[in-house]
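Engineer: If you scroll down you'll find the structure; I have some questions about it.
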Amino acid sequence: MNTENLTKGEKFVLDWQYNRLGSFYNTLAIAISKADTENTNRLRMAFPDEVDAMVKFSTEYGWYPELEKRAGIRK
């Protein structure tokens, strides 16, 4: 996996999907994925890169497969 040219948020999502996050960041990913809009905005104040990437993961069709391609995971 080549994460050299990926953003902090993109690396976060890949690590989440491949179960490579520590307990704090895994819990953060779960919290972001379950948060309503108000709480997502609160989390974004402290973790903007991670929240933005998680939102893209869950709302932008094709974003994640393209991320895997850029990371050299998928052809």
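Engineer: Specify the residue that is nearest to Gln17 (Cα to Cα); the eligible residues are those in the stretch 42-75 that are outside any loop (DSSP other than H, G, I, E, B) and among the acidic types (Asp, Glu).
Structural biologist: Step one: filter the stretch 42-75 for residues outside any loop (DSSP other than H, G, I, E, B), giving 42-46, 48-59, 63-70.
Okay, now just the ones that are also among the acidic types (Asp, Glu), so 49-50, 52, 66, 68.
Details: Asp49: 16, Glu50: 13, Asp52: 16, Glu66: 14, Glu68: 11 Å.
Looking at residues that are outside any loop (DSSP other than H, G, I, E, B) and among the acidic types (Asp, Glu), I get Glu68.
Engineer: Does any residue of the stretch 20-42 turn out to be among the charged types (D, E, K, R) and either touching a Lys or Arg at 6+ places or on another chain (Cβ under 8 Å) or surrounded by 17 or more Cβ atoms within 10 Å (Cβ to Cβ) (or both)? Show your work before the answer.
Structural biologist: Initial filter on the stretch 20-42 (among the charged types (D, E, K, R)): 20, 34, 36, 38, 42.
Those left that are additionally either touching a Lys or Arg at 6+ places or on another chain (Cβ under 8 Å) or surrounded by 17 or more Cβ atoms within 10 Å (Cβ to Cβ) (or both): none.
Scanning the stretch 20-42 turns up no residue that is among the charged types (D, E, K, R) and either touching a Lys or Arg at 6+ places or on another chain (Cβ under 8 Å) or surrounded by 17 or more Cβ atoms within 10 Å (Cβ to Cβ) (or both).
Engineer: Specify the residue that is farthest from the chain's Cα centre (by Cα); the eligible residues are those in the stretch 1-30 that are of a type in the set (D, E, K, R) and either within 16 Å of Leu67 (Cα to Cα) or assigned to a helix (DSSP H, G or I) (or both). Please lay out each step first, then the result.
Structural biologist: Of the stretch 1-30, the ones of a type in the set (D, E, K, R) are 4, 8, 10-11, 15, 20.
Cutting the leftovers down to either within 16 Å of Leu67 (Cα to Cα) or assigned to a helix (DSSP H, G or I) (or both) gives us 4, 8, 10-11, 15.
Working: Glu4: 16, Lys8: 9, Glu10: 5, Lys11: 7, Asp15: 8 Å.
Filtering the stretch 1-30 for residues that are of a type in the set (D, E, K, R) and either within 16 Å of Leu67 (Cα to Cα) or assigned to a helix (DSSP H, G or I) (or both), the one farthest from the chain's Cα centre (by Cα) comes out as Glu4.
Engineer: Follow-up question, since we're still on this one. Find all pairs meeting these conditions: Cβ atoms under 6 angstrom apart; at least six residues apart or on different chains; first residue within the stretch 21-48 and within 19 Å of Glu10 (Cβ to Cβ); second residue assigned to a helix (DSSP H, G or I) and of a type in the set (Val, Ile, Thr).
Structural biologist: Close Cβ pairs satisfying both conditions: Ile32/Val51; Leu43/Ile32; Leu43/Val51; Arg44/Val51.
Engineer: Could you count how many residues in the stretch 4-19 are in contact with a helix residue (DSSP H, G or I) (Cβ under 9 Å, 6 or more places away or on another chain) and surrounded by fewer than 16 Cβ atoms within 10 Å (Cβ to Cβ)? Quick ask: steps written out before the conclusion?
Structural biologist: Taking the stretch 4-19 first, the residues in contact with a helix residue (DSSP H, G or I) (Cβ under 9 Å, 6 or more places away or on another chain) are 5-17, 19.
From the residues that got through so far, the ones that are surrounded by fewer than 16 Cβ atoms within 10 Å (Cβ to Cβ) too are 5, 7-8, 17, 19.
The total comes to 5.
Bear in mind that the values in this text are calculations on the coordinates, not laboratory data. As the structure is a prediction and not an experimental result, all values here were calculated from the model. Glycine gets a Cβ as well: all are built from the backbone with ideal geometry, and neighbour counts include every protein chain shown.
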